[in-house]
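Okay, so here's the structure we're looking at.
The values are calculated or read from the model by the stated rules, or taken from the named source; none is laboratory data. All values reported here derive from a predicted model rather than from experimental measurement. With ideal geometry, Cβ positions are generated from the backbone for all residues, glycine too; neighbour counts draw on all protein chains shown. Surface accessibility is based on the protein's heavy atoms, side chains included, excluding ligands, DNA and RNA. Shrake-Rupley method; radii C 1.70, N 1.55, O 1.52, S 1.80 Å.
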Number of protein chains: 2
Amino acid sequence: MSAGPCIEMSHGGGGRIMHGLIQSVFIRHFDSAPLRRGLDAALLSLPPGRPALTTDAHVISPLEFPGGDIGSLAVHGTVNDLAMVGARPLCLTAAFILEEGLPLATLEAIVASMAAAATAAGVEVVAGDTKVVERGHGDGIYIATTGLGVVPPGVDVGGIPLRAGQQVLLSGPIGDHGVAVLSRREGLDFETDLESDSAPLHDLVAAMTAVAPWLPALRDPTRGGLAATLNELAWAGQVGIRLDERAIAVRPDVAAACELLGLDPLHVANEGRLICVCEAADADPLLAAMRAHPLGRDAARIGEIIAGPPGQVDMQTRLGGSRVVDWLAGEQLPRIC
Amino acid sequence: MSAGPCIEMSHGGGGRIMHGLIQSVFIRHFDSAPLRRGLDAALLSLPPGRPALTTDAHVISPLEFPGGDIGSLAVHGTVNDLAMVGARPLCLTAAFILEEGLPLATLEAIVASMAAAATAAGVEVVAGDTKVVERGHGDGIYIATTGLGVVPPGVDVGGIPLRAGQQVLLSGPIGDHGVAVLSRREGLDFETDLESDSAPLHDLVAAMTAVAPWLPALRDPTRGGLAATLNELAWAGQVGIRLDERAIAVRPDVAAACELLGLDPLHVANEGRLICVCEAADADPLLAAMRAHPLGRDAARIGEIIAGPPGQVDMQTRLGGSRVVDWLAGEQLPRIC
């Protein structure tokens, strides 16, 4: 079976062939007015509110995994970073680093998936760039996305300091994304029906800020998992965090895979979960709003902010003991996002 | 001689080691308030005007070249894409794809160069991301930058259709960047004191829009060179363009290197030049404004828009003949930006 036409160095050379690729793949699928206009930069109109800007590089391997691919992941990852400051995502830029020899059909499938994810999230791809590197460099395709959004007037996420008594909420079970990706890694095949949780979270966040427009913190626990995200929060806020292990949901498939691979689910990446630190009085209304949303159905209160030790995350275990939840010291799961 | 500490997979793993790299290299050098705040997205305040957004991936080889490196190039390339719609650049995001084994000293030198170029151009790096790929993937370092700027009220670039009689201006000699990079390519060493023209053009553009706030077109002739840029303009505007070869400056070193390598300077990349299409009445005041600026000292009128054939670029040669200036058909100079 032939792989069909492939990316060649000339697709990044700035000549007629690159121009053709941009027209026939990128502009055709993304189909936004700024892209069609073809200026060096997209001209935008922003609604009222505070602009928010974020960027991500995506180097996931394999390019496709149960529940998504590098294209949908790139959109969700960037949309979610905007959502984590309370912003409504408006538009994306996408820079592609393609490896010579990448089948054009693979590129087109990924671009189509990215376009569909962007449409579903209500964002437009307004600017792009394409570079080609020689065979053996790169890894099929890397995608760097940048997102621009606007925090609606009245919403403030991250402006209130963390302090003892605030509650920590989690929107659903952890570890699905990392385990779904690993299940497709060469040499690591294991049986699971599990899909990545990759999803855009801005709509869930809008439902939450409608109930509690001032939130001390929102984070999506991606690389490094829940453990890294909470350690970062505790470190930045100079507070302690106490978790209740019984409240942190882990699907049986994820628990079994982690057991098999020697991983701690607290360190495994998620791409469609969020944690929220809220004032104690807001916890119940927020949980109700989250549970009423499809992406927050299994939301739970998983812990609280405590005075200290500053920067430390503790967990009361299922068995009634207590342990420190540390950052991942070294490497655990490379190329997961 | 030891290369010193190098990038390891754990530098991208989301744990304590990644956190340390971000603090000790990226936040230390870029040192902007949004980066220090450490939210998932930077919160911005924009001045009045129309927001403009652009993105670029940079995969240049070698990473350092006479007159710059991948870091300064990334800043200039993105600043210039904003300048080409008349925008004042405000801030950048930077996503790094690092190869396992990259010396930390190389990364730090590039980040320092990028920070210096950003400061010189008056822009802040407000958000970033770091991924690490296994040794043999990637190529030391790839950088994707996105720029956000604002087109000042009253400025309009690209809003006026191209039509016969408009003039084409060029800000300086062509081909310096491409030849400077090639001079450092393995196996291509040749003697030259030439430096890349890589430079931020927004200040030159501001001087130009002060004289002529409505411009039919501004472009920086990067990949594919002057030939690709003019063909793209002619194609998009459905007009013809007639060039005067005698007016297009090429430095003797560039001409000699192109002769040696079998290249046409019209196809060689530039990173600090611009072309401007203007109304005939604006040409002299614009040239005067350009020549008064250090980056436009050698500005010249190099041609004009003609009725057709639509999409075609012709050139009156030095010898009095005429030839078609086509896009580059295939690949000529990969990894030049």
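Amide H of B:VAL150 versus every other amide H placed in the peptide plane: which residues, excluding those fewer than 5 positions away on the same chain, fall under 5 Å?
The list, which skips near neighbours in sequence, is B:ALA52, B:ARG88, B:LEU90.
I'd like the residues of the range A:5-32 whose 1.4 Å-probe accessible area shrinks by no less than 40 Å² going from the isolated chain to the full set of protein chains.
Residues losing area: A:MET9, A:GLY13, A:GLY14, A:ARG16, A:HIS19.
Binning at 10 Å from 0, report for the range A:50-130 what percent of all alpha-carbon pair distances ends up in each bin.
17, 53, 25, 5, 0
At 1.002 mPa s and 20 °C, plugging the Kirkwood radius over alpha-carbon pairs of the range B:9-151 into Stokes-Einstein gives what diffusion coefficient in µm²/s?
Taking Rh from Cα pairs, D becomes 139 µm²/s.
Once phi is turned into θ = phi - 60°, what whole-Hz ³J(HN,Hα) does the Karplus curve with 6.51, -1.76 and 1.60 give for every residue of the range A:282-288, x standing for Gly and Pro?
8, 4, 5, x, 5, 4, 5
Return the distance in nm (one decimal) between the two label points of a simple spin-label model at A:GLN316 and B:ALA280, each offset 7 Å from Cα along Cα→Cβ.
Reported label-point gap for A:GLN316 and B:ALA280 is 8.5 nm.
7 Å from Cα along Cα→Cβ at both B:ALA307 and B:GLU259: what's the point-to-point distance in nm?
Reported label-point gap for B:ALA307 and B:GLU259 is 4.1 nm.
Along the charge dipole of the range A:9-151, which of A:THR106, A:ILE141, A:GLY12 sits closest to the positive end, that is, farthest toward it, with unit charges on the beta carbon of Lys, Arg, Asp and Glu (+1, +1, -1, -1)?
So the residue we want is A:GLY12.
Please list, in chain and number order, the residues 5+ apart from A:VAL268 or on another chain whose amide H is under 5 Å from its amide H, with Hs placed from the backbone.
Sorted by chain and number, the residues that satisfy this are A:LEU226.
Using only the alpha-carbon atoms, how far is helix B:252-261 inclined from the longest principal axis of chain B? Give it as 0 to 90 degrees, nearest 10.
With rounding to tens, the tilt is 80 degrees.
Under the definition of Cα pairs under 8 Å and six or more residues apart, what whole-number percent is the relative contact order of chain A?
It comes to 22 percent, rounded to a whole number.
Kindly express, to the nearest 10 degrees and within the range 0 to 90, the angle between helix B:70-83's C-alpha long axis and the longest C-alpha principal axis of chain B.
50
Can you list the equivalent-ellipsoid semi-axes of the range B:128-207, largest first and in whole Å, using the square root of 5 times each Cα gyration tensor eigenvalue?
Over the Cα atoms of the range B:128-207, the ellipsoid semi-axes are 34, 24, 12 Å.
Tell me whether the range A:11-65 comes out rounded, prolate or oblate; compute the Cα gyration tensor, take square roots of the eigenvalues as a ≥ b ≥ c, and use a/c under 1.5 as the rounded threshold.
Values: a/c = 2.27, a/b = 1.19, b/c = 1.90.
Oblate, since a/c reaches 1.5 and b/c is not below a/b.
When the Karplus curve 6.51 cos²θ - 1.76 cosθ + 1.60 is applied with θ = phi - 60°, which whole-Hz ³J(HN,Hα) does each residue of the range B:91-106 get, with x for Gly and Pro?
8, 10, 10, 9, 10, 10, 10, 9, 9, 3, x, 4, x, 4, 5, 5
For an R0 of 41 angstrom, estimate the FRET efficiency from the Cβ-Cβ distance between B:THR119 and A:ALA210 and round to the nearest 0.05.
Details: r = 41 Å, r/R0 = 1.00.
The calculated FRET efficiency here is 0.50.
Might you report the magnitude of the Cβ-based charge dipole of the protein assembly as shown about its Cα centre, with Lys and Arg at +1 and Asp and Glu at -1, to the nearest 20 debye?
For this selection, approximately 1340 debye.
For peptide B:253-260, compute the average count of partner chain beta-carbon atoms within 10 Å of each residue's beta-carbon.
Details: counts 0, 0, 0, 0, 0, 0, 0, 0.
Per residue, the number of nearby Cβ atoms from other chains is 0 on average.
Mind grabbing the base-10 log of I(q)/I(0) for the protein assembly as shown at q = 0.06, 0.09 Å⁻¹? Debye formula, identical points on the C-alpha positions, no solvent, two decimal places.
With one equal scatterer per Cα and no solvent, log10 I(q)/I(0) is -0.34, -0.74.
Can you give me the C-alpha center-to-center distance between the range B:109-133 and the range A:275-337, rounded to a whole angstrom?
The range B:109-133 and the range A:275-337 have Cα centres spaced 33 Å from each other.
Accessible surface of B:LYS131 in the full protein assembly, 1.4 angstrom probe, to the nearest 10 Å²?
10
Test of the criteria: in the range B:246-296, which GluC sites (Glu not before Pro) are in a DSSP loop and have at most 16 other Cβ atoms within 10 angstrom of their Cβ? The partial results should precede the final answer.
Values: sites: B:GLU259, B:GLU271, B:GLU279; in loops: B:GLU271, B:GLU279.
Qualifying residues, ordered by number: B:GLU279.
What list of ³J(HN,Hα) couplings, whole Hz, do you get for the range A:308-323 from phi and the Karplus terms 6.51, -1.76, 1.60, once you set θ to phi - 60° and write x for glycine and proline?
x, x, x, x, 10, 10, 10, 9, 7, 7, 3, 8, x, x, 9, 9
Quick check for me: using +1 on Lys/Arg Cβ and -1 on Asp/Glu Cβ, what's the dipole size of chain B about its Cα centre, in debye to the nearest 20?
So the magnitude is around 700 debye.
If the elastic network links every pair of Cα atoms under 10 Å, which of A:ARG273, A:ARG242, A:ARG16 fluctuates the most in the Gaussian network model of chain A?
A:ARG16
Percent antiparallel among DSSP beta bridges with both residues in chain A, to the nearest 5? Intermediate results must be reported in sequence, preceding the final value.
Details: 40 of 56 bridges.
Bridges in chain A are about 70 percent antiparallel.
Charges only on Cβ, +1 for Lys and Arg, -1 for Asp and Glu: so what's the dipole of the range B:266-337 about the Cα centre, in debye to the nearest 20?
Magnitude of the dipole: close to 260 debye.
How far is it, in nm, from the label point at B:ARG36 to the one at B:SER24 when both lie 7 Å from their Cα along the line to the Cβ?
Roughly 2.1 nm, to one decimal.
In whole Å, what are the Cα extents of the range B:222-337 along the three principal axes, biggest one first?
Sorted largest first, the three principal extents are 40, 36, 31 Å.
For chain B, report the % of Cα-Cα distances exceeding 24 Å. Walk me through the numbers before you get to the answer.
Working: 32087 of 56616 pairs.
So the pairs more than 24 Å apart make up 57 percent of the total in chain B.
Per residue of A:239-248, what is the mean number of Cβ atoms on other protein chains within 10 angstrom of that residue's Cβ?
Counting Cβ atoms of other protein chains within 10 Å of each residue's Cβ and averaging gives 0.
Over chain A, give the accessible area per residue in Å² for a 1.4 Å probe, as an integer.
36
Which angle from 0 to 90°, rounded to the nearest 10, does the C-alpha axis of helix A:202-211 make with the longest principal axis of chain A?
The two axes meet at around 30 degrees.
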